[in-house]
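Notes follow the structure.
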Amino acid sequence: MIGKILALTLVSSPLVLAQHDHFPAGKWKEKKSDHFTLRIDGTSADPASRNAEKVWEICVEVLPGMKRDFEKNEFRTPSGGEASDDAPFRFTVYLLGDGSDFDEVVKVDTDRNGWTDNLVKLVKQTGTYADPQHRYVVLCKGATDQSAGGDRDMTPVFVHSTGSTLMEGQARGVNLPFWMTAGFGYYVEHRMFKLCRVHYLDFEAYYEDQKAEVKKGETLGPDESWAKVLSKMCKKGERVSLEKVCSADIIGLTPEQSGYIFALTCFLVRDEPARVKYRDLVAKSAAGSKIDKEMLLSCYGYADDAALEKEWYEWVESRQFK
């Protein structure tokens, strides 16, 4: 359960200079809460208005340094740049209702970041992306030139991507491993909904291809808690190694890897002593260190993969993982 959930109080206001405007050509309506600026064009403020401050509460519980970063305007991009002219810094959420407007925003970031055609295509298919500098997320609820239909429920995507990006902002990193970014997004999703509905690949298509190997009750779908499924799998010895979790990428990702990426992050932040070590891992990234499996083992004091796996799998099989 979430300890304390703040209600999101939104106040409409004109654009002000303090908060950087990343897309000045847009016709944005702006609303603010304690930690977020919502910029809206052609749609409502949902799902950000209902969920943003709840995401903040989950993230700051693990990463309390965020509070000072925002209140004192000490947030910095990976290159060391400021994101607000004065305190407080607020994370920005861009919400668009029209696909053509979203395409214009994507073009700005494509030119700014040198994105490849494949990345642009993926962004337009999903209708969302996060700023590489960790200052904002963009969501389009309408159809784009690469997606079918509109009025999509972007709630899980918003929660997942915002949680992940807030963690990345604390880590100040540009190349955090996939297990760390996706894992934290899944962690925040699960804390909010007890479900993980963001998939980095089409699980349904994957299971169809692997039909002979898939067993009823052992699939990781959007309608059942992954914790229950993974606990059963782990007890049966159907496990994904630390090495495979830490080397996972989107191209070769399996549903099982997604599940164990989620389970690893839950294990790493399971209580306050573990969170202290997770903060050390994040701080190492902020100081310029590469986060890899060896750094993970060092921060948590494990001699090797087997030592971490022993405690991790035991925890996944226990009642604490839920």
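The values are calculated or read from the model by the stated rules, or taken from the named source; none is laboratory data. Remember, it's a predicted structure, so these values are computed and weren't measured experimentally. FYI the Cβ positions are ideal-geometry reconstructions off the backbone, even for glycines, and counts take in every protein chain you see. Areas reflect the complete protein model, heavy atoms only, side chains present, ligands, DNA and RNA absent. Shrake-Rupley method; radii C 1.70, N 1.55, O 1.52, S 1.80 Å.
What to note about this one:
- About its Cα centre, the range 187-317 has a charge dipole of approximately 400 debye under the convention of +1 per Lys or Arg Cβ and -1 per Asp or Glu Cβ, with nothing else charged.
- Cα gyration tensor shape for the range 267-322, rounded if a/c is under 1.5, else prolate or oblate: oblate
- For the chain, the longest principal axis of the alpha carbon atoms and the long axis of helix 226-235 meet at an angle near 20°.
- Cα-based helix-to-principal-axis angle, 272-286 vs the chain, degrees rounded to 10: 60
- Furthest towards positive pole of dipole, Gly173, Thr265, Phe75, structure part the chain, Cβ charges: Thr265
- Dimensions (Å) - the chain, Cα atoms, principal axes, largest first: 57, 42, 37
- Estimated [θ] at 222 nm from DSSP helical runs (n ≥ 4, -39500 (n - 2.57)) normalised by residues in the chain, nearest 500: -14500 deg cm²/dmol
- For the range 188-315, the calculated P(r), taken from all Cα-Cα distances in 10 Å bins from zero up to the bin holding the longest distance, is 11, 41, 36, 12, 1 percent.
- Principal-axis tilt of helix 305-317 within the chain, Cα atoms, nearest 10 degrees: 80
- Remark: the range 74-223 carries 43 Å² of accessible area per residue (probe radius 1.4 Å; ligands, DNA and RNA excluded).
- Förster-model FRET efficiency, 30 Å R0, Val276 and Lys72, C-beta, rounded to 0.05: 0.85
- Rg ratio (alpha-carbon, reference 2.2 N^0.38 Å) - the range 121-197: 1.11
- Neighbour-limited loop hits for trypsin sites (Lys or Arg not before Pro), the range 257-315 (at most 15 other Cβ within 10 Å; DSSP other than H, G, I, E, B): Arg270, Lys290
- Gained length - Asp202 relative to Arg112, 0.36 nm times residue gap less alpha-carbon distance: 29.4 nm
- Rounded to the nearest 20, the Cβ-based charge dipole of the chain about its Cα centre (Lys and Arg +1, Asp and Glu -1) stands at 840 debye.
- Mean Cβ neighbour count within 10 Å, used as a protection proxy, ranking 134-143, 158-167, 51-60 highest first: 158-167, 134-143, 51-60
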